[in-house]
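The values are calculated or read from the model by the stated rules, or taken from the named source; none is laboratory data. Note that the structure is a prediction, hence the values are computed from the model and not measured. FYI the Cβ positions are ideal-geometry reconstructions off the backbone, even for glycines, and counts take in every protein chain you see. The accessibility values were calculated without ligands, DNA or RNA, using every heavy atom of the protein model including side chains. Shrake-Rupley method; radii C 1.70, N 1.55, O 1.52, S 1.80 Å.
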Amino acid sequence: MKLRIININRLVNVREEYGLLRGAALAELPTMEHAFLDIENGLIADYGSMESINELGIASDTAIYDAAGSTVLPSWCDSHTHLVFAESRESEFIDKIMGLSYAEIAAKGGGILNSAIKLNALSETELYNLAWERLLELIALGTGAIEIKSGYGLTVEGELKMLRVIKKLKEASPIPIKSSFLGAHAYPLHFKENHQGYIDQIIQEMLPVIAKEKLADYIDVFCEEGFFSVDETIQICKAGMAVGLQPKIHANQLNVSGGVEAGVALGALSVDHLESMNTAAIEALAASKTIGTLLPTAAYFLRMAFQPARQLIDAGCAIAIASDFNPGSSPSGNMNTVVSMSCIQMKMLPEEAINAATLNAAYAMGVEDLLGSITRGKLANLIFTKPIPSVSYLPYAFGSNLIKNVMVNGVFR
Ligand code: NIG
Ligand code: FE
């Protein structure tokens, strides 16, 4: 099945060759005006200017779709989510309005532990159905690939249940999914005074099953004061690496935790959050291949200082942006909001935010050969906008739904 899309006003992030973007390159968003795009078997087959179309001719088995002035972008890649969870936590939202901090809510048994109790009470099927609905909502909002973490089980059964749900989502999903094992998200109450006991459970009881059943692509740890120390993080990541899981860790959200340097030393694919950064952490990240994934909606929801995106970019760090969709600190997986907030609150240029949410985000979840740019051979997972005056209008008009329709594997949804 061949499809030719004609009359594209702007085709965004067109790249014959691509690589991870850092520094000034992040602001370069190659765009083709008045373009066509050919799709074959769900993949991008060709593109070019509308003027060149007559020379190419058209095969008789090719369908034509008139984009009628839409801007077309590669779908968002959301490289950090906690999409599988049991219940929303708006009572904590009220606690926060009343003045409690994230750490205080966690300390009184709320937060992650609260989500774990709820999750352990649900069946695999119930969790799957809830997550599936969320996934469909995000696809309609332009997400074309997603990473999903465990971490609300915190027991052997609970963590494996979450990972099996993610595996089933992978099998049924029209978009690529990557799975991260985040057993080290918080210490269960009965291991509060016995950290090594829980770490032993992770390493001896969870990881072997995960490896055997191929339940995860990455290993994640919440490296944070009051959660997992740097030494604990390294121990857990090394055990994950021994069974083939690359680290992709939560670092420097609430404090300068040393998590960034630990992630870099371990060769993590990404270190995520980065609300709290100092010069040493920025320099370590800039000198590495590890991607810094910024989660501005989590900073927004928790009323924290935003990630220092400008400093990171100017220092030469490779950065991506993601939603952190979860019931506690970012109850939204809307990547359009993430892109807007990155510009409004972190002073990223629209071009930088779009690159960080597409190509660099694809790298941050290991799907750069499938997604992240308009490149021949990549998946035709695309966003078609309503008519917009410029690409900058997307993050600027932060409250408007500017998506006309989305395409996944060459098919409109
Ligand atoms: O990425 N920081 C740790 N984990 C999540 C929040 C989890 C929760 O509060 O349920 C995050 O923000
Ligand atoms: Fe997270």
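Just one of 361, 356 is assigned to a helix (DSSP H, G or I), closer than 30 Å to residue 43 by Cβ, within 16 Å of ligand 2 (Cβ to nearest atom) and aliphatic (A, V, I, L, M); which is it? Lay out the reasoning, then the answer.
Values: 356 fails: within 16 Å of ligand 2 (Cβ to nearest atom).
Every option except 361 fails the conditions.
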Exercise for the section: Read through the list (1) open to solvent by 10 Å² or more (accessible area, probe 1.4 Å); (2) more than 30 Å from residue 381 (Cα to Cα); (3) in contact with an Asp or Glu (Cβ under 9 Å, 6 or more places away or on another chain), then give the number of the only condition that residue 111 fails. Expected result: (1)
Fill in the blank from the handout: Going through (1) open to solvent by 70 Å² or more (accessible area, probe 1.4 Å); (2) within 20 Å of residue 144 (Cα to Cα); (3) not β-branched (Val, Ile, Thr) one by one, residue 54 fails only at (2)
Completion exercise
When every residue in region 302-318 that is open to solvent by 20 Å² or more (accessible area, probe 1.4 Å) and at pLDDT 95 or above is compared, the one farthest from residue 251 (Cα to Cα) is 314
Practice task
Tally the residues that are surrounded by fewer than 24 Cβ atoms within 10 Å (Cβ to Cβ), touching a strand residue (DSSP E or B) at 6+ places or on another chain (Cβ under 6 Å) and in a loop (DSSP other than H, G, I, E, B), restricting the search to region 287-301.
Solution key: 0
Practice task
Please find, within region 10-27, the residue that is nearest to residue 50 (Cα to Cα) out of those that are among the basic types (Lys, Arg) and either open to solvent by less than 20 Å² (accessible area, probe 1.4 Å) or in contact with a helix residue (DSSP H, G or I) (Cβ under 9 Å, 6 or more places away or on another chain) (or both).
Solution key: 15
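Which residue, of 237, 223, is within 14 Å of ligand 2 (Cβ to nearest atom), open to solvent by less than 50 Å² (accessible area, probe 1.4 Å) and at pLDDT 95 or above? Walk me through it before giving the result.
Working: 237 fails: within 14 Å of ligand 2 (Cβ to nearest atom).
That would be 223, the only listed residue that is within 14 Å of ligand 2 (Cβ to nearest atom), open to solvent by less than 50 Å² (accessible area, probe 1.4 Å) and at pLDDT 95 or above.
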Problem - Condition check for residue 115: under 24 Å from residue 227 (Cβ atoms), within 16 Å of ligand 2 (Cβ to nearest atom) and over 19 Å from the mean Cα position of the chain (by Cα) - result: yes
Handout entry: Among (1) more than 26 Å from residue 309 (Cβ to Cβ); (2) open to solvent by less than 20 Å² (accessible area, probe 1.4 Å) - the single one residue 218 does not satisfy
Key = (1)
Practice task
Only residues that are touching a residue at least 60 places away in the same chain (Cβ under 8 Å), more than 12 Å from ligand 1 (Cβ to nearest atom) and of a type in the set (Ser, Thr, Tyr): list them for region 55-100, please.
Solution key: 62, 65, 70, 71, 75, 79
Exercise for the section: Tally the residues that are hydrophobic (A, V, I, L, M, F, W, C), within 16 Å of ligand 1 (Cβ to nearest atom), in contact with a Leu (Cβ under 9 Å, 6 or more places away or on another chain) and not in a strand (DSSP E or B), restricting the search to region 268-286. Expected result: 2
Completion exercise
Restricting region 149-181 to residues that are within 15 Å of the chain's Cα centre (by Cα) and open to solvent by less than 10 Å² (accessible area, probe 1.4 Å), the one nearest to ligand 1 (Cβ to nearest atom) turns out to be 149
Exercise for the section: Quick one: in region 388-403, of everything that is assigned to a loop (DSSP other than H, G, I, E, B) and either in contact with a Cys (Cβ under 9 Å, 6 or more places away or on another chain) or assigned by TED's automatic domain parsing to the domain that holds residue 140 (or both), which residue is farthest from residue 139 (Cα to Cα)? Expected result: 392
Handout entry: Any chance residue 333 is more than 15 Å from residue 391 (Cα to Cα), more than 11 Å from the chain's Cα centre (by Cα), surrounded by 22 or more Cβ atoms within 10 Å (Cβ to Cβ) and within 16 Å of ligand 1 (Cβ to nearest atom)
Key = no
Practice task
Among the candidates 60, 88, single out the residue that is open to solvent by 50 Å² or more (accessible area, probe 1.4 Å) and assigned by TED's automatic domain parsing to the domain that holds residue 335.
Solution key: 88
